[in-house]
1. Tally up the residues in the range 135-164 that are assigned to a loop (DSSP other than H, G, I, E, B) and exposed (fewer than 14 other Cβ atoms within 10 Å of the Cβ), please.
2. Could you identify the single residue in 142, 65, 88, 105 that is out of contact with any strand residue (DSSP E or B) (no Cβ under 8 Å at 6 or more places or on another chain), under 22 Å from residue 11 (Cα atoms) and at pLDDT below 95?
3. Got a number for residues in the range 112-134 being without any contact (Cβ under 8 Å) to a residue 40 or more places away in the chain and either closer than 12 Å to residue 20 by Cα or surrounded by 17 or more Cβ atoms within 10 Å (Cβ to Cβ) (or both)?
4. Just one of the numbered conditions (1) at pLDDT 95 or above; (2) assigned to a strand (DSSP E or B); (3) under 18 Å from residue 35 (Cβ atoms) is not true of residue 124; which one?
5. Test residue 132 against the criterion of being modelled with pLDDT of 90 or more, part of a loop (DSSP other than H, G, I, E, B) and closer than 18 Å to residue 9 by Cα, and give yes or no.
């Protein structure tokens, strides 16, 4: 009996995403930016662009990690995270729209969720499903800590990829 390779959505977790400096990931579609920021309690309650839905999919290959997709609500609109190649570089973007219930084959919205290190069960790293060794991370750009994709070599530990849920 052949197993279906399509990814089927299993559950959705509501979370904020924090980096190693305890900053929250905030998406600002109007500025086309997703960056880790220091957030006050008051801003947190209004929750604009920082309360993520993590869509978990069933998998037939659990060793790769749990397949997940990210979406976020900003001013009544839903945006999903995806990766696109632009001028030879992989860029993380948020596009308006819904995350599909089923995904056939490869998808530029799927990341594999893995524990960051074996001793740290609360922190994770997220590998881009279409490019092995590329992980979500943050990169200092002026005063911004922008969400980006970064290459990780096998034995390396990179704190910029550490994301707590």
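The values are calculated or read from the model by the stated rules, or taken from the named source; none is laboratory data. Owing to the predicted nature of the structure, the values given are computational and were not obtained by experimental measurement. Here the Cβ positions follow ideal geometry from the backbone for every residue, glycine too, while neighbour counts run over all protein chains shown.
1. First pass over the range 135-164, keeping only residues assigned to a loop (DSSP other than H, G, I, E, B): 142-143, 152-158, 162.
Checking the rest, the ones that are also exposed (fewer than 14 other Cβ atoms within 10 Å of the Cβ) come to 142-143, 153-157.
Adding up the residues that qualify gives 7.
2. Values: 142 fails: under 22 Å from residue 11 (Cα atoms); 65 fails: out of contact with any strand residue (DSSP E or B) (no Cβ under 8 Å at 6 or more places or on another chain); 88 fails: under 22 Å from residue 11 (Cα atoms).
After applying the criteria, what remains is 105.
3. Qualifying residue count, the range 112-134: 1.
4. The one condition residue 124 does not meet is (3).
5. Here the answer is no, as residue 132 does not meet what is asked.
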